[in-house]
Amino acid sequence: MIISKIIGSGSCLPDRVIPNSHFDYLVENADEWIYSRTGIRERRFAHAAQATSDLATVAAKDALERAGINALELDCIIVGTSTPDMSLPSTGCMVQDNIGAKNAFAFDVNAVCSSFVYALEIADSFIKSGKYKTVMAIGADTYSRILDFNDKTSCPLFGDGAGAAILQAGGDKTLGIQHTYMRSDGKGWPLIQVPSSGSRTPVTAETIAAGDIYFQMAGKQVYVFATDVIPDIINKLCAKAGIEPSDLDYIIPHQANIRMIDFIAKKTGFPKERFLLNLDRCGNTSAASVALVMDENLRNGTIKPGHLVLAMGFGGGLTWGGLLIQF
C-alpha cells in the first residue's frame, strides 16, 4: 500500500498586526472583552494589495524550499479556501503560475474552515492511487475582506494567512498519513454563510445595503456543533489506529475559540498543553489555521520525528474531519 508523507511545510502571515484594541470602537475595553471570550490577543490582516493567492504563493514557495524540491516536481496543487481571489478562475491556477509549477494541475476546494484538512485528504488519496507522486496542499484565507466590521460577535475572531504542506509517496507504517476521517452535514449549511455571494442571491445594491455580502455565523449553534464533532474526530481516528487518545503526542485543532479547547480538554481528558495553538497571536485563520500551526511547530521543533499528531478541522457546510499523521 502506498502511504504519503509530508516532506515540507511553509506559511505566510501578513505583517499587518491588528491588536484587540483596534476594536475599541465596538466595545469598551475590547482587549479584555475579546480575550476573555476567545483567547485571542491579536490577528493579522492582509494589506490592500494582498489577495489570497499572494499569501498562498509565499507559503507554497516556503514549503518548496523546506522540502528541497523544485516546483516542476509537483504533480498537483490543491488550494483550500473560501475567500478565493475571485469566483473564477481558481486561486490554485494563480498559485501554479506564480511558482512556475508547469507540470502540475491545480484547483480549489472549499470546505470553509475545514478546507486544508480536505485538501490534505485529497492529496493523500491522489498519492495512494499511484497516479501522482508529489502533491501540494494549501490552506489560505483572507477573511478580513468578507467581515462586517460592525458585528462585534464575528469581526474580532478572524485573521488572514496561508499555510502549505507537500505530500510525497514513500511513507510507511512508521511515517506519514496513517488514517483519515472526513464528514459533512449539509443540513447545517445555513449556520455559516455569506448570503449574497453567488448564484442563489447575486450581489446587488440591496444586498450590499442589507449587509448580506458579509460573513454570518450562528455562534451558539456552531459552538454546540464543534464541541460535538471534535471528540468524534478524536475517537474515530484513534479507533481506526487501534490506540487511545492518550497515545497521541499532540492534537492540532482548528483555531476557532480557546473556550472550545478548554471544553474538549475536560470532556476527553486530553491535556490542554498538548493542543497546539496559535489562536492568541493569529485569531481564526479559517483554512490556514491547521496548516499554520503545523508549520510553526515543525519549525520550532515541538513536533519531532516519531511524534504521532492528530490534525483536525471543522467549519461551514457543515464539514469536519481529521488526519492521523506519524512524523
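Just so it is clear, none of the values below were taken in a lab; they were calculated from the coordinates. Keep in mind it's a predicted model, so treat the numbers as computed, not measured. Virtual Cβ from ideal backbone geometry, glycine too; neighbours counted across all protein chains shown.
What to note about this one:
- Over the residues of the chain, the helix contribution to mean residue ellipticity at 222 nm works out to -9500 deg cm²/dmol, using -39500 (n - 2.57) for each DSSP H run of at least 4.
- For the range 126-176, the orientation-averaged shadow of the C-alpha convex hull comes to 5.5 nm² (one quarter of the hull surface).
- Total formal charge among the other residues, if their Cβ is under 11 angstrom from that of residue 83, Lys/Arg +1 and Asp/Glu -1: -3
- Separation of the residue 304 and residue 98 label points, Cα + 7 Å toward Cβ, nm: 3.5 nm
- Projected area averaged over orientations for the chain, convex hull of C-alpha atoms, nm²: 15.9 nm²
- Modelled spin labels at residue 150 and residue 105, positioned 7 Å past Cα toward Cβ, are 4.6 nm from each other.
- Semi-axis lengths (Å, descending) of the ellipsoid that matches the C-alpha gyration tensor of the range 282-327: 22, 14, 5
- Between residue 27 and residue 187, full extension at 0.36 nm per residue minus the direct alpha carbon distance yields a gain of 54.2 nm.
- Of 25, 250, 143, 223, the sequence from fewest to most neighbouring Cβ atoms within 10 angstrom is 25, 223, 250, 143.
- On full extension, the segment bounded by residue 200 and residue 220 gains 4.7 nm, given 0.36 nm per residue less the C-alpha separation.
- Electrostatic dipole magnitude of the chain [Cβ: Lys, Arg +1; Asp, Glu -1; Cα centre; debye, to 20]: 740 debye
- Residue 243-residue 263 pseudo-label distance in nm [points 7 Å out on the Cα-to-Cβ vector]: 2.7 nm
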